[in-house]
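Contents: one structure, followed by commentary.
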Amino acid sequence: ILNVEQSPQSLHVQEGDSTNFTCSFPSSNFYALHWYRWETAKSPEALFVMTLNGDEKKKGRISATLNTKEGYSYLYIKGSQPEDSATYLCAFSGNTGKLIFGQGTTLQVKP
Amino acid sequence: ETGVTQTPRHLVMGMTNKKSLKCEQHLGHNAMYWYKQSAKKPLELMFVYSLEERVENNSVPSRFSPECPNSSHLFLHLHTLQPEDSALYLCASSQEEQRNTEAFFGQGTRLTVV
C-alpha cells in the first residue's frame, strides 16, 4: 500500500508569519511529486510538479523542495497572507502513473 | 476558472434513483479523471480516461459507471447508490495521463445519498 502523509493536518498562523509543511511519500519507484492549493468552494489548483531529486521550485512567496531519496517534500510560504488560507495537497506519482494524494494541510492565516 | 466545469454542483438522490454527473473541459487535454473525496479522507482516484479509452478502474463498485463520449466530456452515471457514497466527486483533466503533468480540477459535485 502506497501512503502519502502530510503534516501537520492543520495550522493557524498570523499574517506575516512564514510557515512550512511536510509531505512524506514512498522513496521507491518515484516519478513525480505534485503540490496543489485548494481554497474553500473552489477547485484544487496546481502549484508545482517536481520530478528531480534536490529540485526547488518557487512561485511568488511559495516555494517547495524535493528529496526523492528520503521521500519528502517541503512547502514553504514566506510572509503568509489571509489569501493563502487553503488546504495544501501533495500527491505522489510512481511508476503506475496514478496520483496518490495525502490528506492535506489546512492553513488558516489570521489578519 | 480552471477550464474544467462540473454539473451539477450539488445533488441529493435517493438510493433507488439514477443520476449522472457531467464534466466538461475545453483545454485540449487528452486525459480525464474522476476522483472521490469522502469526509476526512484523501482524494481517491476512481477512473482514468486517456484519449477516450478507459485506462484505469480503481476497484470502483459497478453502481458507478463512467462514460467518455469524446475528449471534452466525461460522465459518471450513478445508480442504486448507498448512503456511504455521499462525498465530493471531482473531475480533472491533464494534457496526458498523469505523471508529471499538472491536473486541472473542476469545482466538484457534492453528492448526498439519502
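Please treat every number below as a calculation from the coordinates, not as lab data. The structure presented is a predicted model; accordingly, all values stated were derived computationally and were not measured. Quick reminder, even Gly has a Cβ in these numbers, built from the backbone with ideal geometry, and neighbours come from all protein chains shown.
Quick notes on this one:
- With 5 Å bins from 0: P(r) over chain A, alpha-carbon pairs, percent: 2, 13, 25, 25, 19, 10, 5, 1, 0
- Legend: calculated FRET efficiency, B:Glu67 to A:Leu2, from the Cβ-Cβ distance at R0 = 30 Å, rounded to 0.05, equals 0.60.
- Inter-centroid distance (Cα atoms) of the range A:57-106 relative to the range B:36-114, Å: 22
- Kirkwood estimate for the range A:31-82, i.e. one over the average of 1/r between Cα atoms, Å: 11.9
- √(5λ) per eigenvalue of the Cα gyration tensor, chain B, largest first, Å: 22, 14, 13
- Debye-sum result for the protein assembly as shown in log10 I(q)/I(0), which assumes one identical scatterer on each alpha carbon, at q = 0.16, 0.17 Å⁻¹: -1.11, -1.22
- Using the Cα coordinates of the range A:1-66, the gyration tensor eigenvalues translate into equivalent-ellipsoid semi-axes of 22, 15, 13 Å, sorted from longest to shortest.
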